[in-house]
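Quick notes on the structure that follows.
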Amino acid sequence: MPWKKQNEAQQRLDLALQMVRGRKSVTELSKQFGVSRKTAYRCLSLFERAGKEGLDLRQRGRPKRSSQLQQKWCGRVMMFRKARPSWGARKLRWWLAQNYPNEPLPARRTIQRWLLVCGCVRPRRRRLRAGSGLNIKVQIAQPNDVWTFDYKGDFSTEDGVRVTVLTVRDQASRFVLATHRVEKLSAEAVRALCTRLFRKYGLPRAVRTDQGVPFCGSGPYGLTNVSLWWMRLGIEVQFVQRTKGIDNNSHEQMHRVFKAEVLKPVSTNLAAQLRRIQRWRHRYNHARPHDSLSDQPPALFYKKSQRKMPKLHTAVYPKHWITRRVRPHGWIKLGGSAHHIGRAFEGLIVGFKPTAPKVTIYFEKLPLGTLDLTQRRSKLIPLT
């Protein structure tokens, strides 16, 4: 009944008295007081039966009492929520089940209501779902099928030191392989970290990254020194392409958890921040339950890859092909003219398959594009 918050009992009495007088119709009085006709007749019935006392507000249903048992469970939830501010109702109930296995647990919706009442979470806004479309779904069946790479945006510690973290995660098991601080966004730093990871965990079948530096560039297929090196090791390179259904959403969600548990607030100095990051990675892998893993930690599902790092050999081409070593900045010289191939191939040998007046350029078995030899300086024309 949509009464005004102030003096509700008096408004009920006024409505009943005006209905007794009969100067206005019930429909007019209902509109005036903002109630339904059924509510208006109920007020009149209560007034005729019990007078003014009959119009007092009465609670329907079972009285709501905050029992000591509810207070105890709510206190436990709030205590652990302070230690894990990014955990929701599902994970908090999992934690209660691990620590109190022989006691009846509160429902997940009850825990969610406690979090809302205490101001720990905000109501989720309903969002419209996108319509069905043609998407390419990448099949990920087991650990090491796809590793995801991304940089966590720069942040500063309290003493002003800038920190950039490169994170690597296995897509199938959600196991965080690395949270490594790098000095700058360079191919050398990524290759050094990947070398350590490949020797420790083996090679993945595919690597997925966004289209930023140093993973993706402007050369053929978007390859850079790093992504071309991955391909030479036998690893498929996947760039995020929203139109093809390839995204890094789960990795970004992991970054939100990282920010909530590691960077709010930041540590006083760099050494303390790095120790905190490593403790978080261990907790994320071994103690934090995941919804997609049936509320189990990633460490129970991840296994090392059996693929080892191969030795890279110089590319070999047919004898009738022309070969050139790519010069600094991605240029080659052919027929007295300079042509740009791509900086990713700097220092490597490429082969030219004669198809006059143009030639098709290959790196190992990968076709890169064609060059027009009639022009003195020309860029590579990608194959369509």
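The values are calculated or read from the model by the stated rules, or taken from the named source; none is laboratory data. None of the values given here were measured: they were computed from a predicted structure. Virtual Cβ from ideal backbone geometry, glycine too; neighbours counted across all protein chains shown. Remember, those area values only see protein heavy atoms, side chains included, never the ligands or the DNA or RNA. Shrake-Rupley method; radii C 1.70, N 1.55, O 1.52, S 1.80 Å.
Things worth noting here:
- A search for C-beta distances below 9 Å between a residue of segment 24-38 that is within 17 Å of E8 (Cβ to Cβ) and any residue that is surrounded by 13 or more Cβ atoms within 10 Å (Cβ to Cβ) and acidic (D, E), counting only pairs 6+ apart in sequence or on different chains, returns F33/D14.
- K4 being open to solvent by 50 Å² or more (accessible area, probe 1.4 Å), part of a loop (DSSP other than H, G, I, E, B) and either at pLDDT 85 or above or farther than 30 Å from W94 by Cα (or both): yes
- Members of segment 274-292 that are aliphatic (A, V, I, L, M) and surrounded by 15 or more Cβ atoms within 10 Å (Cβ to Cβ): L274, I277
- N225 vs. criteria in contact with a helix residue (DSSP H, G or I) (Cβ under 6 Å, 6 or more places away or on another chain) and polar (S, T, N, Q): yes
- Residues that are more than 13 Å from R199 (Cβ to Cβ), in contact (Cβ under 8 Å) with a residue 40 or more places away in the chain and not basic (K, R) were ranked within segment 297-319; the one that is most open to solvent (accessible area, probe 1.4 Å) is Q306.
- Looking only at segment 89-111, residues that are free of Cβ contacts under 8 Å to residues at least 60 places away in the same chain, open to solvent by 50 Å² or more (accessible area, probe 1.4 Å) and outside any loop (DSSP other than H, G, I, E, B) come to 5 in all.
- Per-region count, segment 66-88, residues at pLDDT 80 or above and open to solvent by 50 Å² or more (accessible area, probe 1.4 Å): 8
- Total residues in segment 242-269, condition in contact (Cβ under 8 Å) with a residue 24 or more places away in the chain and of a type in the set (S, T, N, Q): 5
- From the list F198, F215, the lone residue that is closer than 26 Å to R283 by Cα and in contact (Cβ under 8 Å) with a residue 60 or more places away in the chain is F198.
- Residue match in segment 304-327 (condition: under 30 Å from R93 (Cα atoms) and basic (K, R)): no
- Meets criteria (at pLDDT 85 or above and touching a Lys or Arg at 6+ places or on another chain (Cβ under 8 Å)) for L55: no
- L274 falls short on exactly one of the conditions (1) in a helix (DSSP H, G or I); (2) aliphatic (A, V, I, L, M); (3) over 27 Å from the mean Cα position of the chain (by Cα), and that condition is (3).
- Sole residue being part of a helix (DSSP H, G or I), modelled with pLDDT under 85 and in contact with a helix residue (DSSP H, G or I) (Cβ under 9 Å, 6 or more places away or on another chain), chosen from A50, A40, A9: A9
- Test result for G330, surrounded by 11 or more Cβ atoms within 10 Å (Cβ to Cβ) and touching a strand residue (DSSP E or B) at 6+ places or on another chain (Cβ under 7 Å): yes
- Flag if P63 is open to solvent by 50 Å² or more (accessible area, probe 1.4 Å) and either at pLDDT below 85 or assigned to a loop (DSSP other than H, G, I, E, B) (or both): yes
- Considering residues of segment 258-271 that are of a type in the set (D, E, K, R) and in a helix (DSSP H, G or I) only, the residue most open to solvent (accessible area, probe 1.4 Å): K259
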